[in-house]
């Protein structure tokens with residue numbers, strides 16, 4: 001899909017960050033939009049920003065972990081716009097803590113949003129994209145879907161699952177000769193609110209020596225790519241029918257490290273966390 005003009009795109013998590021940037025970039029290219037987000041205020045702000053563009057925009061407050069609601073939104077999108085050509089399964093959350101300390105409910109929470117939300121969006125929209133005769137599914141994973149990190153098992157599990165689903169889906173679509181294709185996106189540090197809205201277990205603070213505010217501040221230092229740049233990279237990847245879309249120099253570095261050190265990279269990342277924890281302890285001692 002090299003031309004987005006007069007196409008129809010559905011985007012989850014459109015109330016901020018990458019989702020909002022995708023909406024703005026697609027509207028600038030003449031693409032009609034069906035937007036959803038659990039945050040009604042953020043969704044309204046995105047809609048207001050889209051007012052100058054001569055495209056049709058519909059919005060729906062949506063919890064992507066609600067299967068029935070996602071399928072209903074997909075059907076409503078097709079009814080409102082007449083067809084659907086693209087879906088961007090973008091909504092996601094973060095979670096930090098050790099496997100021993102996180103509860104089963106913690107894992108269910110993040111998997112329901114990060115993985116099941118993508119699965120529901122894929123299943124709900126795939127037949128509609130095929131009916132349109134041309135379509136593309138874009139599922140947002142992470143650099144943490146390329147390499148695992150200490151204290152991030154829930155996030156890693158959900159993003160590795162998105163990667164596995166999407167890569168297998170791409171093969172299924174090719175085998176069946178479908179008119180639909182798909183891409184898996186691996187963003188590095190993007191300047192969004194995901195760190196502020198993340199859940200952090202007490203075990204993470206015990207190991208890193210940083211409370212939620214300190215941890216968020218340190219993590220956000222790694223956010224080096226703007227949502228607008230991310231959106232443009234994603235759309236460029238879609239136009240090229242790329243299987244994997246890496247966003248930011250950090251994503252490319254992660255990909256290289258895992259290729260060169262497929263097992264040893266774990267020691268490298270573990271030592272980085274230990275070194276950071278020692279720095280935090282030294283600062284606290286000298287404070």
Percentage of interatomic Cα-Cα distances in the stretch 1-117 larger than 25 Å: 25 percent
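In whole percent, what relative contact order does the stretch 5-152 give with Cα contacts below 8 Å and a gap of six or more residues? Walk me through the numbers on the way to the answer.
Working: 254 pairs, mean separation 36.8, N = 148.
RCO, the stretch 5-152: 25 percent.
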Ellipticity estimate at 222 nm from DSSP helix runs (n ≥ 4, -39,500 (n - 2.57)) divided over the chain, nearest 500: -16500 deg cm²/dmol
Nearest 10 degrees, 0 to 90: what angle lies between the long axis of helix 117-132 and the longest principal axis of the chain (Cα atoms)? 20 degrees
For the pair residue 243 and residue 28, how long in nm is the line joining their label points, each one 7 Å along Cα→Cβ? 3.1 nm
If each residue's Cβ is checked for other Cβ atoms within 10 Å, how do 119, 151 rank with the fewest at the top? 119, 151
How far is helix 67-81 tilted off the main Cα axis of the chain, in degrees rounded to 10, range 0 to 90? 40 degrees
Rh (Kirkwood, all Cα-Cα pairs) for the chain, Å, reads 19.5 Å
Residues 126, 43, sorted so that the one with the fewest Cβ neighbours within 10 Å comes first: 126, 43
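Compute the FRET efficiency between residue 76 and residue 130 as 1/(1 + (r/R0)^6), taking r as their Cβ-Cβ distance and R0 = 22 Å, and round to the nearest 0.05. Mind showing how you got there, number by number?
Numbers: r = 18 Å, r/R0 = 0.83.
The pair residue 76/residue 130 has a calculated efficiency of 0.75.
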Cα long-axis angle, helix 249-260 against the chain (0 to 90 degrees, to the nearest 10): 70 degrees
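Arranged by the count of other C-beta atoms within 10 angstrom, fewest first, what order do 176, 96, 142 take?
Values: 176 10, 96 25, 142 28.
Taking fewest neighbouring Cβ atoms as first place, the list is 176, 96, 142.
Sequence gap at least 6, Cα distance under 8 Å: using those rules, report the relative contact order of the chain to the nearest whole percent. If you can, show how the numbers build up before the last one.
Details: 540 pairs, mean separation 53.5, N = 287.
Across the chain, relative contact order equals 19 percent.
We did not get these values from a lab; they are worked out from the coordinates using the rules stated. Just so you know, these numbers come straight off a predicted model, no measurement behind them. Here Cβ is always computed from backbone atoms with ideal geometry, including for glycine, and neighbour counts include all displayed protein chains.
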